[in-house]
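Quick one: this structure, given as structure tokens, is what I'll be asking you about.
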Amino acid sequence: MGTCRGTAEDAWRWVLDQVCHDDSGVWIPQFPGGELGVRYREGMYAGVGGLAHVLAEIRLSREWTAREQELADAVVARVQGSIGVTTDATFFNGLVSAISVLTALGAPGAGTAVTRLLELSTPDGWPQEFLEPPRYLPGARVHDVAVGTAGVLLGAVWAHRHDVEGADELARTAAGVLLAEREQAESGANWRWVPERFTTNDWHSPNFSHGVAGVAAAFALAGAEFGRPDLVEAAAEGAEHLVALADTGDGGFRVRRRVPVVDPDPFSYGWCHGPTGTSLLWPALRHAGITEVAGADVAEWHRRCLHSVRVSGLPERKYPGFWDNDGRCCGTAGVGDVLLDAGQHTDFALHLADVVVERAIPDGSGVCWRFIEHRNDDPLLPPGIGWMQGAAGIAGFLFHADRVERGDLRSVPRMDTWWA
């Protein structure tokens, strides 16, 4: 068994040992011995929903065990049971997450989640419970991929691709909200994660998870899926604005985490706020038939994003705060998986897998990883369990890397990467 595969199996065994059951069903804590809020337990960020994506990776590598089949059935039951009562519409923890989890496991229920999203919709988006004064005003809405309307639009596209009833109506609803929230920028169009009228912040985050890069990608994919040239045009206008914000020196492409705030270390390189996630915009545009943005081929902008990642210095921990994370959201596993999906810099992606293997920490019957928060008095964080910031997501990356090492170039299609 190869090093990546062996470590993936060890990490997955460690995750399975953390799985809990109670009267509400199956769940996992955020870290061993810890808790996870009830509203997050079905989600794919840190909850059991994320385990569906590891199971999908495993299914391309080997048959499930009886224990894994039981886990899959328990996850489906928990997620299906939550749909009728949740008011969370987000990509990672709510109804959009439910669409992703259930389709990953080939289970019914995505149509119920689509119906519930339509029931909860309002003329300006979906209510959010986590936005509080004084930073945000009452009734604030969010329009990004991670927790907002663009995530709902991605969910509608994915549901439509799985022949889920109501997906086209959900897409019309979400797209209409986003089109109405367009902000004119000198070089194109912009979408903030929270519209200006709802916040006292004077900055916004332009990259994939919380900004115009993700919104433009969602527009491009929806435009192609539903035959909507107006959405494709909106995607192109968002991409034009993003190019105007970018640092394109040394042949790369990177956009500050926050605009216009300037800080001593303004760039990230991961899925959330860096060129790794933002690289997903360019194949989305090509999928929609757009070949050129701001005078350059979209393939060139894609190449530049990946170049910035490669020359950034990761995965070396060059100084406190730089690359203290090996997870999917903001760390090594997320970068490596996007590179494997892209089929570019595969050698570097496999090097990242080797580094992740080296950083694995033996624990009980398996292995885990501990990230660093350099601003804490005790900077070493407890080992995470879930998909986006824990051993489950890292295991998924290592299963993928093992397949590539063996010449199997298949990727698991997921809601946030299928087009890449």
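The values are calculated or read from the model by the stated rules, or taken from the named source; none is laboratory data. In this text the structure is predicted, and so the values were computed from the model without any measurement. So basically every Cβ, Gly included, is an ideal-geometry build from the backbone, and we count neighbours across all protein chains shown. Heavy atoms of the whole protein, side chains included, go into the accessibility calculation; ligands, DNA and RNA do not. Shrake-Rupley method; radii C 1.70, N 1.55, O 1.52, S 1.80 Å.
What ³J(HN,Hα) values, in whole Hz, does the Karplus curve 6.51 cos²θ - 1.76 cosθ + 1.60 give for the stretch 137-152 when θ = phi - 60°, with x put for Gly and Pro?
8, x, x, 4, 10, 10, 10, 8, 6, 5, 9, x, 5, 5, x, 4
Sorted from largest down, what three extents in whole angstroms do the Cα atoms of the stretch 121-312 have along their principal axes?
Computed over the stretch 121-312, the largest-to-smallest principal extents equal 45, 41, 27 Å.
Still on this structure, I have one more. How much FRET efficiency would the formula 1/(1 + (r/R0)^6) give for Asn376 and Val85, where r is the Cβ-Cβ distance and R0 is 41 Å, rounded to 0.05?
Step by step, r from the Cβ atoms, then E = 0.70.
So for each of 200-206, 85-91 I average, over its residues, the number of other beta carbons within 10 Å; can you give me the resulting order with the highest mean first? Mind dumping the intermediate values first?
Values: 200-206: 17.4, 85-91: 20.3.
Result, highest mean Cβ count within 10 Å first: 85-91, 200-206.
Considering only protein heavy atoms, what per residue accessible area in square angstrom results for the chain with a 1.4 angstrom probe?
Values: 15990 Å² over 420 residues.
Ligands and nucleic acids excluded, the result is 38 Å² per residue.
Could I ask something else about it? Within a Cβ distance under 12 Å of Ser61, other residues only, what is the Lys/Arg minus Asp/Glu net charge? List each step's numbers first, then the result.
On the way: positive: Arg5, Arg59, Arg62, Arg403, Arg406, Arg410; negative: Glu9, Glu57, Glu63, Glu68, Asp402, Glu405, Asp408.
Neighbour charge sum, excluding Ser61 itself: -1.
Then there's this: Once Lys and Arg get +1 and Asp and Glu get -1 on their Cβ, which of Gly252, Gly125, Trp387 lies farthest toward the positive end of the dipole of the chain?
Going by the Cα projections, it comes out as Gly252.
Using the Kirkwood formula on the Cα atoms of the stretch 277-343, what hydrodynamic radius do you get, in angstrom to one decimal? If you can, show how the numbers build up before the last one.
Working: mean 1/r = 0.0770 Å⁻¹.
Over the stretch 277-343, the inverse of the mean reciprocal pair distance is 13.0 Å.
For Cα Rg over 2.2 N^0.38 Å, several values are listed as (1) 1.21; (2) 0.92; (3) 1.16; flag the one computed from this structure.
Read-out from the structure maps to (2).
Also, quick follow-up: Suppose every K and R has +1 on its Cβ and every D and E has -1 on its Cβ; what is the size of the dipole of the stretch 66-151 about the Cα centre, in Debye to the nearest 20? Present the calculation step by step, with values, prior to reporting the outcome.
Values: 5 positive and 9 negative charges, 8 e Å.
About 40 debye.
A further question follows. Would you tell me the accessible area of Glu196, worked out with a 1.4 angstrom probe on the heavy atoms of the protein chains, in Å² to the nearest 10?
Rounded to the nearest 10, the figure is 110 Å².
I've got another one for you. Among 122-134, 96-108, what's the highest-first ranking by average C-beta atoms within 10 angstrom per residue? Could the numbers behind the result be given before it?
Working: 122-134: 14.4, 96-108: 24.4.
Final packing ranking: 96-108, 122-134.
Rg(Cα) of the stretch 326-387 divided by 2.2 N^0.38 Å?
On the way: Rg = 13.1 Å, N = 62, 2.2 N^0.38 = 10.6 Å.
Relative to the 2.2 N^0.38 Å estimate, the stretch 326-387 comes out at 1.24.
Continuing with the same structure: Mind checking the dipole of the stretch 1-95: about its Cα centre, +1 per Lys or Arg Cβ, -1 per Asp or Glu Cβ, Debye to the nearest 20? Mind showing how you got there, number by number?
Numbers: 8 positive and 13 negative charges, 40 e Å.
In debye, rounded to 20, the stretch 1-95 gives about 200.
To continue, here is another question. What is the percent carbon and sulfur in the accessible area of the chain, measuring with a 1.4 Å probe over the protein chains and ignoring ligands? Numbers along the way, then the final one.
On the way: 8030 of 15990 Å².
Using a 1.4 Å probe with all protein chains present, the chain comes out at 50 percent carbon and sulfur.
Which value, to two decimals, describes the C-alpha radius of gyration of the stretch 190-237 once divided by 2.2 N^0.38 Å? Working shown, then result.
On the way: Rg = 12.0 Å, N = 48, 2.2 N^0.38 = 9.6 Å.
The reported ratio for this selection is 1.25.
Turning to a different aspect of this structure: In whole Å and largest first, what semi-axes does the C-alpha gyration tensor of the stretch 262-420 yield when each eigenvalue is scaled by 5 and square-rooted?
On the way: eigenvalues 149, 79, 32 Å².
Ellipsoid half-lengths, sorted descending, are 27, 20, 13 Å.
I've got another one for you. Assuming R0 = 30 Å, can you tell me the calculated FRET efficiency for the pair Ala244 and Leu179, based on Cβ-Cβ distance, to the nearest 0.05?
0.90
Tell me, what is the 1.4 Å probe accessible area of Arg303, in Å² to the nearest 10?
90 Å²
For the stretch 59-135, treating each Cα as an identical point scatterer without solvent, what Debye log10 I(q)/I(0) comes out at q = 0.20, 0.24, 0.26 1/Å?
Log-scaled intensity ratios, in q order: -0.86, -1.09, -1.20.
With an 8 Å Cα cut-off and a minimum separation of 6 or more residues, compute the relative contact order for the chain in percent. If you can, show how the numbers build up before the last one.
Working: 835 pairs, mean separation 78.2, N = 420.
The normalised contact order for the chain reaches 19 percent.
Please compute the contact order of the stretch 119-253 in relative form: average sequence separation of alpha-carbon pairs under 8 Å and at least six residues apart, divided by the residue count, as a percent.
On the way: 217 pairs, mean separation 32.6, N = 135.
Relative contact order, the stretch 119-253: 24 percent.
Here is a further query. How large is the charge dipole for the chain, taken about the Cα centre, if only the Cβ atoms of Lys, Arg (+1) and Asp, Glu (-1) carry charge, to the nearest 20 debye? Kindly include the intermediate steps, with their values, before the conclusion.
On the way: 35 positive and 55 negative charges, 45 e Å.
The dipole magnitude comes to about 220 debye.
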